[in-house]
1. Would the stretch 1-56 count as rounded, prolate or oblate if I go by the C-alpha gyration tensor, calling it rounded below 1.5 in a/c and otherwise prolate when a/b exceeds b/c, oblate otherwise?
2. Distance in nm between label sites at Tyr98 and Ala6, each 7 Å beyond Cα in the beta-carbon direction?
3. Order Ile22, Ile95, most accessible first, counting only protein heavy atoms with a 1.4 angstrom probe.
4. With a 1.4 Å probe and every protein chain left in place, work out the accessible area per residue of the stretch 61-110 in Å², rounded to a whole number.
5. On a straight-distance basis, which lysines could pair with Lys26 in a cross-link, Cα separation under 24 angstrom, same-chain partners fewer than 8 positions away excluded?
6. Carbon-plus-sulfur fraction of the accessible area of the stretch 3-61, 1.4 Å probe, in percent?
7. Classify the stretch 1-96 from the C-alpha gyration tensor, please: rounded if a/c falls under 1.5, else prolate or oblate depending on whether a/b exceeds b/c.
8. Between Lys26 and Glu14, with labels modelled 7 Å along Cα→Cβ, what's the label distance in nm to one decimal, could you check?
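The values are calculated or read from the model by the stated rules, or taken from the named source; none is laboratory data. Source: prediction; values computed, not measured. Virtual Cβ from ideal backbone geometry, glycine too; neighbours counted across all protein chains shown. Surface accessibility is based on the protein's heavy atoms, side chains included, excluding ligands, DNA and RNA. Shrake-Rupley method; radii C 1.70, N 1.55, O 1.52, S 1.80 Å.
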Amino acid sequence: TYGDGALKWVEKPEWADGQVIIFDTKDKGFHYLHRKIHVEAATSVTLSLGSNDAIKVWLNGIEKLSNNVGRSVGPDQDRVTLFLEEGSHDLMLKIANYGGESAYYFQMVDDGGQGLAADGEGVLQRA
């Protein structure tokens, strides 16, 4: 929850990786997405990202990607490779909407080219 409780994390298990997800508002603003990633052994992962409009990515609070752009969403618009030590990690995405439709695309593959599972996903939205 944030502030007076008007904002809170909401789980969205129906939002599948590898698909464009369209947010339900066209208002100018920001959408924050969070997921916990747990790996049993150190590995590299590559994120394939897309956004409508701008995007930022943080891993464990450290900014890993920033692309301030106005565009329509699509797969592979941005890619970032992350090294994950054994254990749990917090991944946060910020999608900025400058007007009109807002959406994102997310796909994560490990260093062997296989899809990597993550524990839950949430979006911060008004209650």
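1. It comes out oblate by the Cα gyration axes.
2. Each label point is offset 7 Å from its Cα along the Cβ direction, giving 2.6 nm.
3. The ranking, largest first, comes out as Ile22, Ile95.
4. On a per-residue basis, the stretch 61-110 sits at 49 Å².
5. Once the sequence-local lysines are set aside, what remains near Lys26 is Lys8, Lys12, Lys56, Lys94.
6. The nonpolar share, carbon plus sulfur, comes to 49 percent.
7. On the way: a/c = 1.75, a/b = 1.25, b/c = 1.40.
Here the stretch 1-96 falls in the oblate category.
8. 2.1
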